[in-house]
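One structure is given here, and the rest of the page talks about it.
The values are calculated or read from the model by the stated rules, or taken from the named source; none is laboratory data. Note that the coordinates shown come from a computational prediction; the quantities given were computed from them, not determined experimentally. In this analysis, Cβ positions are derived from the backbone assuming ideal geometry, glycine residues included, and neighbour counts consider all displayed protein chains.
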Amino acid sequence: MSESRSVSRVVPGVVTLEGGGFQVRRPFPTPALAGIDPFLLLDEMGPTDYAPGKAVGAPDHPHRGFETVTYLLAGAMRHRDSRGHAGALAPGDVQWMTAGDGVVHSEMPDPEFQRTGGLMHGLQLWVNLPKADKRMRPRYQEIPAARIPEATSADGVVRARVLAGEALGQKAVIETRTPILYLHFTLEPGGRLTLPVPEGFNVFAYVLSGEGRFGADGTRGGAGDCVIFGTGAGDVAIEATSKMDVLVIGGKPLNEPVARYGPFVMNTKAEIVEAFEDFEAGRMGSIEPAVG
C-alpha cells in the first residue's frame, strides 16, 4: 500500500484585481510561487455579491500557447471569441479552452445576471501546453454540470466532482492534452480522503472553504491556501477538521522552458515577440460586435 506524500509548503492566495476590475484570490503566479508545472495560474474569482448593473468580467483579450479552464460555482457568464464561437456558463459548468495557435475571447457576465445582480464565484486555471501543441488549432470542450461525473465515498462523508482524471471510481469526460487531475471534493467534518495519484505528478490542493489537515504530516490548511505536496510517489491524504470544499489538481510536468508575457506562454522570448506581432497584425482575429 502506497504511503501518503508529505506537504512541501503552504502558500496563501493573494487578493488582486483582474479583467475589467473583478477581485480574484491568486495562489500563483505570485512573488512567492511562480507556478506548479504544468500549471501556470490559478484564480479564484470572487465570491462577489454584485448589485444590479455592477458585475464585471474580462473584455476582449488574446491567448496563445496554453489552455484556460473556467469552472463556475455561482452566477452566469457568456463567452465569445474571434473564431465565431459563443457559449454560456451556469453554476457547475466547465469550459476547457485550448487556445493553441491563438484566439481573442471575452468572458463577461450574462446579460440577465448583469441586470439582476447576484453572487458570482468561479475559478480559472491555466494549463501549459507542450511545445508540440502550442500552435495547434484552438478547440473547446464545454461540459454542463449534469455531465460532470460525481461520486460519494462508501461512508457518505466525501463527495467528488471529477473535472479531469479519476476519483472514487468515476472518470472524467473531458480530454486533456497532458495527463491531469482536476477534482472538487466536499468533505464533512472528520471526513478523510486518500487519493491515489500517478508517480511523478506535481499535485496541490486549493481550499475553497473550511479547514483541514493535509499529507502524511497533517499540515493545516484553510480557505485561500494552496497546499503543495511533495514530488515522487505516494497518495494524497486529506482530513477535514470542519466542512471543507477543496480542489485537488495535479499533472505530469512538462519540464520545458517557459517564456511568458501577459496572455502568451511559449518556450522562447522570440516566440513571445511573434505572438504579439501576430495579435497586433490581426492574425488572431477579432470578436464581431454582438447583434441585438
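Since residue 268 meets every condition but one in (1) among the β-branched types (Val, Ile, Thr); (2) surrounded by 16 or more Cβ atoms within 10 Å (Cβ to Cβ); (3) more than 30 Å from residue 73 (Cβ to Cβ), which condition does it not meet? Checking residue 268 against (1) among the β-branched types (Val, Ile, Thr); (2) surrounded by 16 or more Cβ atoms within 10 Å (Cβ to Cβ); (3) more than 30 Å from residue 73 (Cβ to Cβ), the one that fails is (2). Counting only residues that are closer than 23 Å to residue 180 by Cβ and either in contact with a helix residue (DSSP H, G or I) (Cβ under 6 Å, 6 or more places away or on another chain) or among the basic types (Lys, Arg) (or both), segment 47-83 holds 1 of them. Tally time: how many residues in segment 83-105 are under 22 Å from residue 276 (Cα atoms), surrounded by 20 or more Cβ atoms within 10 Å (Cβ to Cβ) and not hydrophobic (A, V, I, L, M, F, W, C)? Number of matching residues: 4. From the list 236, 203, 248, 162, the lone residue that is of a type outside the set (D, E, K, R), without any contact (Cβ under 8 Å) to a residue 24 or more places away in the chain and buried (at least 21 other Cβ atoms within 10 Å of the Cβ) is 162.
The single condition from (1) without any contact (Cβ under 8 Å) to a residue 24 or more places away in the chain; (2) surrounded by 21 or more Cβ atoms within 10 Å (Cβ to Cβ) that residue 195 fails is (1).
The rows are residues; the columns are (1) in contact with a Gly (Cβ under 8 Å, 6 or more places away or on another chain); (2) of a type in the set (S, T, N, Q).
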{"position": "68", "(1), (2)": "no, yes"}
{"position": "74", "(1), (2)": "yes, no"}
{"position": "79", "(1), (2)": "yes, no"}
{"position": "90", "(1), (2)": "no, no"}
{"position": "95", "(1), (2)": "yes, yes"}
{"position": "105", "(1), (2)": "no, no"}
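When residue 254 is tested against (1) under 17 Å from residue 67 (Cα atoms); (2) part of a strand (DSSP E or B), just one condition goes unmet, and that condition is (2). As a summary of the residue check, residue 78 satisfies the conditions (1) surrounded by 22 or more Cβ atoms within 10 Å (Cβ to Cβ); (2) more than 17 Å from the chain's Cα centre (by Cα) except for the one numbered (1).
So that you can scan it fast, the table gives a plain yes or no per residue for (1) in a loop (DSSP other than H, G, I, E, B); (2) closer than 19 Å to residue 43 by Cα; (3) among the hydroxyl-bearing types (Ser, Thr, Tyr):
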residue: 181; (1), (2), (3): no, yes, no
residue: 203; (1), (2), (3): no, yes, no
residue: 213; (1), (2), (3): no, no, no
residue: 233; (1), (2), (3): yes, no, no
residue: 245; (1), (2), (3): no, yes, no
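Within segment 261-282, the residues that satisfy the criterion of being at pLDDT 95 or above and either touching a Cys at 6+ places or on another chain (Cβ under 8 Å) or outside any helix (DSSP H, G or I) (or both) are 264, 265, 266, 267, 268. Condition (residue is among the basic types (Lys, Arg), under 24 Å from residue 75 (Cα atoms) and surrounded by 18 or more Cβ atoms within 10 Å (Cβ to Cβ)) applied to segment 123-135: is it met by at least one residue? No, every residue in segment 123-135 fails to be among the basic types (Lys, Arg), under 24 Å from residue 75 (Cα atoms) and surrounded by 18 or more Cβ atoms within 10 Å (Cβ to Cβ).
Going through segment 92-112 one residue at a time, which ones are in contact with a Leu (Cβ under 9 Å, 6 or more places away or on another chain) and assigned to a strand (DSSP E or B)? Passing the criteria: 94, 95, 96, 98, 107.
Residues in segment 1-23 that are surrounded by 13 or more Cβ atoms within 10 Å (Cβ to Cβ), at pLDDT below 95 and either of a type in the set (Lys, Arg) or closer than 17 Å to residue 263 by Cβ (or both): 18, 19, 20, 22.
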